[in-house]
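Read-outs throughout are calculated quantities, based only on the coordinates presented, and are distinct from any laboratory measurement. Note that the structure is a prediction, hence the values are computed from the model and not measured. Please note: Cβ atoms are built from the backbone with ideal geometry, for glycine as well, and neighbour counts cover all protein chains shown.
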2 protein chains.
Amino acid sequence: MLLSRQLTCSLQQNSRLFACGHRLISQTAAKIDVDFDYDGPLMKTEVPGPRSRELMKQLNGIQNAEAVHFFCNYQESRGNYLVDVDGNRMLDLYSQISSIPIGYSHPSLIKLLQQPQNLSTFINRPALGILPPGNFAEKLKESLLLVAPKGLQQVITMSCGSCSNENAFKAIFMWYRVSQNTEYDSLHDISSFVLIFVFLGLGCLATTHSKAIHKLDIPSFDWPIAPFPRLKYPLEEFVKENQQEEAHCLEEVEDLIVKYRKKKKIVAGIVIEPIQSEGGDNHASDDFFRKLRDITRKHGCAFLVDEVQTGGGCTGKFWAHEHWGLDDPADVVTFSKKMMTGGFFHKEEFRPDGPYRIFNTWLGDPAKNLMLAEVINVIKREDLLNNATNAGKALLAGLLDLQARYPHLISRARGRGTFCSFDTPNDTTRNKLIAIARNKGVVLGGCGDRSIRFRPTLIFKDHHAHLFLNIFSDILADFK
Amino acid sequence: MLLSRQLTCSLQQNSRLFACGHRLISQTAAKIDVDFDYDGPLMKTEVPGPRSRELMKQLNGIQNAEAVHFFCNYQESRGNYLVDVDGNRMLDLYSQISSIPIGYSHPSLIKLLQQPQNLSTFINRPALGILPPGNFAEKLKESLLLVAPKGLQQVITMSCGSCSNENAFKAIFMWYRVSQNTEYDSLHDISSFVLIFVFLGLGCLATTHSKAIHKLDIPSFDWPIAPFPRLKYPLEEFVKENQQEEAHCLEEVEDLIVKYRKKKKIVAGIVIEPIQSEGGDNHASDDFFRKLRDITRKHGCAFLVDEVQTGGGCTGKFWAHEHWGLDDPADVVTFSKKMMTGGFFHKEEFRPDGPYRIFNTWLGDPAKNLMLAEVINVIKREDLLNNATNAGKALLAGLLDLQARYPHLISRARGRGTFCSFDTPNDTTRNKLIAIARNKGVVLGGCGDRSIRFRPTLIFKDHHAHLFLNIFSDILADFK
């Protein structure tokens, strides 16, 4: 009932907007989606508009607000469309840094919240580690465990992405100590444990390092960084070069393990993202990951796959690492963002060997598990993994076409599912393109030093891809 | 409407329980509170009961569930009473490790969730650092800033307590570098910054250290720990000894600063809880904290007061450090738990000097800010800070009385507001007392190696204190 009220109200507003003759973006490829999605962008002001700028000033009095793009009207945002406080409605291909799984204001989630029996879950937040609700295990089975990576039937929830990774690191250190009969306090102090991060940074190694540290919210670890491959595109033209690049990176990982052991540092695990996201959407071949997996086995290190950004279905499989085709793909998989709750899956042998070993007050939030169960329902019901594959194909094909037509502006178009990106000549051009697109009604995100990344919701369809491509094609044609 | 339905349903269930002749706990001091609180404990089985034990087995298949006390029925839990899955209703003096501010299923929060205009906030979670909702600053002003510690008008939200502390540490390091014109990458690498934790552990220093590390979820920092005073009780009998103890601890802090500087480590800040909670509810005099504050000023260190557990009103002031009576009590104050969202307040000069310096995807959750604004409304409307002072007086007076009657079981009764605790002879006795109390319908928590701590909600009234004291008095009389 509320939903239909909201829809009526919004439709009325739309007619008003149309009637008033506001700037309307070309909608050649637009199509009305499931009944809650809008039919296209609709721009009233530049972005950020006057109301956003006013609110920025206000917020900046309370905290540094320099990173704010604009302020949003989430009540009016629906499906793939983000509405801002100035009434601009934009096709959102960034979805809150990849964290909105099934679009804004999804009717199934509204319904979930309106059911009286669910109210308690939202207002009585428990200390999950000691006093879980009666349906805790059941909800985990209906949500996270329903999509658990093969072989990882143990799961611990956390409140955010960085806690998920940090506690996964702890689980790895505890596993190492127990599996190797190593005592923290005798021969090997906990400070002798390190993890290797496979990570490609933005410039020199020093920067890389400090960026990685910032990302992890850990101010002062001296943990080794191995280079993530930097592939040349188009892949089919650089087969040999890319194989060499990957072989070189794998060698570096092994060298680091040996080098650190000589320094009496134990490499307990290796941490990698299936697609290294913040650092510039770097991909590697399935073969690279299979060989990296072999190295971890050879040296007895844990293999942690960080799926905080890649997980949840956007690559066309629920977990990006499932593309590698291994029987035994990972020991620990961390998640957050689209999963609504943070946490990590792990193998039985990585289970903490006592109570309170992995512990904090909340350990996640049952309200998020409840919503995730419904999100997974929707993903299955609406076949959204195949949708991501198909919509991603349309998007990448279009990007490759634009790349062929505008090679001076677009290069290295790449992607898996809708998890796509391309490079621009430099960060000035990149940022300008993002700003122009926003004013034409499309929200994009940047990553690395010159990439534009696509992180749409799972209900992003091929017609949304075409809508974007039409708008962006015009932008590139006009770009000076 | 829902609430009244719930109440009716529960009242019916209560009559049923009475009629069936279940074990009913002595209710001499019980009184029906505001219309949503129950009128006393009501026990049907031992705790954990059969249903809880079954669910423990089930959960233990998914994650280590050894820390679980019992499973809860949060829908039936109301006010100060926690209902478990076996139908036992207990007076909850632990309130989810001190994280339920105004009791279970508070009518004001139910109402808030039922308002259609609030639905969007619960289902459309934004990336607050880049795309905040239009009412973000307004909600911060109606919630956190309304209760900001004096002089700390800047606030950053986080999703949990450990992220709050970790990001506050980062803010301190950034402040130190900027205020001292120290470059990370030249003379002073970030790894040369340390913080001193004032912390009293459970045994030897090694244990202390590792416990502190566990608490902070940081696996391998070698940061100095200064001892938190261990006061002797009753305070009026040990005035001189306690003064000496505090003076000694302060000396150790200054020694550490000097010692670390000699090692080329820069002590950028000092971290302390107003009442050191997990380590055993250790208190210190207001004079101790004033002098510690002076030391931080003398050495140019930041003063971080960790109010994750003490904040939110339970000591009778909104922030426990307000009892110290300083004009300039802290540079940074961290919070979580009862505040529903994590985060930290800080002085203007601790403001990050650029965008993305303190950043993650969610940076808190507007749904929690919305609920916090309502919680603060209730605290003000119902005068709950004064209530905490009064109920705390009744509780502590009763504990002192029990201590006089059972000195072999209770010692060092102490507290501020309802934030009370006492010691038992050893951990076996402590754990036994907690288990017996639970079976008599009272949930208590332990801390340190032999303490029992009280962490009731803010709607815990003096009649609840008397109810507890009556039950506990009987337990002590029968204790063997």
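For region B:249-285 and region B:294-354, what is the separation of their C-alpha centers, rounded to whole Å?
What the calculation gives is 15 Å, centre to centre.
Rounded to whole Å and sorted largest first, list the principal axis extents of the Cα atoms in the protein assembly as shown.
So the extents along the principal axes, rounded to whole Å, are 89, 66, 54.
Using only Cα atoms, find the angle between the long axis of helix A:239-262 and the longest principal axis of chain A, and express it within 0 to 90 degrees, rounded to the nearest 10.
50 degrees
Can you say what percent of the DSSP beta bridges in the protein assembly as shown, counting only those with both residues inside, are antiparallel? Round to 5.
Values: 56 of 90 bridges.
Beta bridges within the protein assembly as shown, antiparallel portion: roughly 60 percent.
Report, to two decimal places, the Cα Rg of region A:234-334 normalised by 2.2 N^0.38 Å (N = number of residues). It would help to have the intermediate numbers written out before the result.
On the way: Rg = 14.1 Å, N = 101, 2.2 N^0.38 = 12.7 Å.
Region A:234-334 yields a ratio of 1.11.
Considering the dipole of chain A built from charges on the beta carbon (Lys and Arg +1, Asp and Glu -1) around the Cα centre, which of A:167, A:56, A:479 is farthest to its positive end?
A:56
Between copies, how close do the residue B:180 label points come, placed 7 Å along Cα→Cβ, listed in nm from shortest?
List, nearest first: 3.4 nm.
On the principal axes of its Cα set, how long, how wide and how thick is chain B? Give whole Å, largest value first.
76, 57, 45
Taking each residue of A:110-121 in turn, how many C-beta atoms of other protein chains fall within 10 Å of its C-beta, and what is the average?
Working: counts 5, 0, 3, 8, 4, 0, 9, 3, 2, 11, 12, 2.
Counting Cβ atoms of other protein chains within 10 Å of each residue's Cβ and averaging gives 5.
Counting only the backbone N, which residues of region B:391-406 are under 19 Å from the spot 7 Å out from the Cα of residue B:383 toward its beta-carbon?
Under cut-off, by backbone N: B:391-395.
Give a residue-ordered list of calculated ³J(HN,Hα) values for region A:314-329 (Karplus: 6.51 cos²θ - 1.76 cosθ + 1.60, θ = phi - 60°; whole Hz; x for Gly, Pro).
5, 8, x, 10, 4, 10, 4, 6, 5, 5, 5, x, 9, 6, 10, x
Report, in debye and to the nearest 20, how large the dipole of chain B comes out about its Cα centre when Lys and Arg carry +1 and Asp and Glu carry -1 on their Cβ. If you can, show how the numbers build up before the last one.
Values: 56 positive and 54 negative charges, 134 e Å.
In debye, rounded to 20, chain B gives about 640.
Enumerate the calculated ³J(HN,Hα) couplings along region B:361-367 in order (Karplus 6.51 cos²θ - 1.76 cosθ + 1.60, θ = phi - 60°), each rounded to whole Hz, writing x wherever the residue is Gly or Pro.
Coupling constants for region B:361-367: 4, 8, 6, x, 7, x, 5 Hz.
Starting from the 7 Å offset along Cα-to-Cβ, what nm value, one decimal, do you get for the label separation of residue A:251 and residue B:408?
7.6 nm
Mind sorting A:69, B:466, A:464 by how few other Cβ atoms lie within 10 Å of their own Cβ, fewest first?
Numbers: A:69 21, B:466 18, A:464 29.
Starting with the residue having the fewest Cβ neighbours, the order is B:466, A:69, A:464.
In which sequence would B:402, A:93 go, from the one with the fewest C-beta neighbours within 10 Å to the one with the most? Walk me through the intermediate numbers first.
Values: B:402 20, A:93 26.
So the ranking, lowest neighbour count to highest, is B:402, A:93.
When you look at the Cβ of every residue in B:150-156, what mean number of other chain Cβ atoms sits within 10 Å?
So the per-residue partner count for this stretch is 2.
To the nearest 20 Debye, how big is the dipole of region A:338-468 about its Cα centre, given +1 on the beta carbon of each Lys and Arg and -1 on that of each Asp and Glu? List each step's numbers first, then the result.
Working: 20 positive and 12 negative charges, 83 e Å.
Charge dipole, region A:338-468, about its Cα centre: 400 debye, nearest 20.
Counting only other chains, what is the mean number of Cβ atoms within 10 angstrom of the Cβ of each residue in peptide A:54-65?
Numbers: counts 0, 7, 2, 1, 5, 6, 2, 5, 12, 16, 12, 6.
Mean partner-chain Cβ count within 10 Å for A:54-65: 6.
Anything over 31 Å Cα to Cα? Flag those among A:141/B:139; B:150/B:337; B:337/B:461; A:139/B:338, in the order listed. Please report the intermediate quantities before stating the final value.
Values: A:141/B:139 35 Å; B:150/B:337 21 Å; B:337/B:461 20 Å; A:139/B:338 25 Å.
Checking Cα-Cα distances, A:141/B:139 exceed 31 Å.
Can you list residues whose amide H is under 5 Å from residue B:273's amide H, if they're 5+ apart or on another chain and H is modeled 1.01 Å from N?
When sequence neighbours closer than 5 places are left aside, the close amide H contacts are B:306.
Taking the 0 to 90 degree range and rounding to the nearest ten, how far is the long axis of helix B:2-19 tilted relative to the main principal axis of chain B, both from C-alpha atoms?
Rounded to the nearest ten degrees, it is 50.
Give me B:307, A:246, A:54 sorted ascending by neighbouring Cβ count inside 10 Å, so fewest comes first. The partial results should precede the final answer.
Details: B:307 29, A:246 21, A:54 14.
With the fewest neighbours first, B:307, A:246, A:54 line up as A:54, A:246, B:307.
If you fit an axis through the alpha-carbon atoms of helix B:161-179 and take the longest principal axis of the Cα set of chain B, what angle between them do you get, 0 to 90°, nearest 10?
Tilt relative to chain B: about 20 degrees.
Charges on Cβ only, +1 for Lys and Arg, -1 for Asp and Glu, centred on the Cα centroid of region A:326-456; of A:389, A:350, A:366, which one is farthest towards the dipole's positive end?
Checking the options against the dipole of region A:326-456, the answer is A:389.
In deg cm²/dmol, rounded to 500, what helix-only [θ] at 222 nm does chain A give when every DSSP H run of at least 4 residues adds -39500 (n - 2.57) and the total is split over its residues?
Details: 14 runs with 190 residues, N = 480.
My calculation for chain A gives -12500 deg cm²/dmol from helical runs alone.
Which value, in debye to the nearest 20, gives the size of the charge dipole of the protein assembly as shown about its Cα centre, when Lys and Arg are +1 and Asp and Glu are -1 at the Cβ?
Details: 112 positive and 108 negative charges, 149 e Å.
Around 720 debye, computed over the protein assembly as shown.
Which of the trypsin sites (Lys or Arg not before Pro) across region A:253-287 are loop residues per DSSP, with 16 or fewer other Cβ within 10 Å? Please list the in-between numbers first.
Working: sites: A:259, A:261, A:262, A:263, A:264, A:265; in loops: A:263, A:264, A:265.
In loop regions of region A:253-287 (DSSP not H, G, I, E or B), the sparsely surrounded trypsin sites (Lys or Arg not before Pro) are A:263, A:264.
Return the long-range amide H neighbours of residue B:453 (sequence gap of 5 or more, or a different chain), with a cut-off of under 5 Å between placed amide H atoms.
For residue B:453, whose amide H was placed from the backbone, the distant partners under 5 Å are B:445, B:446, B:447.
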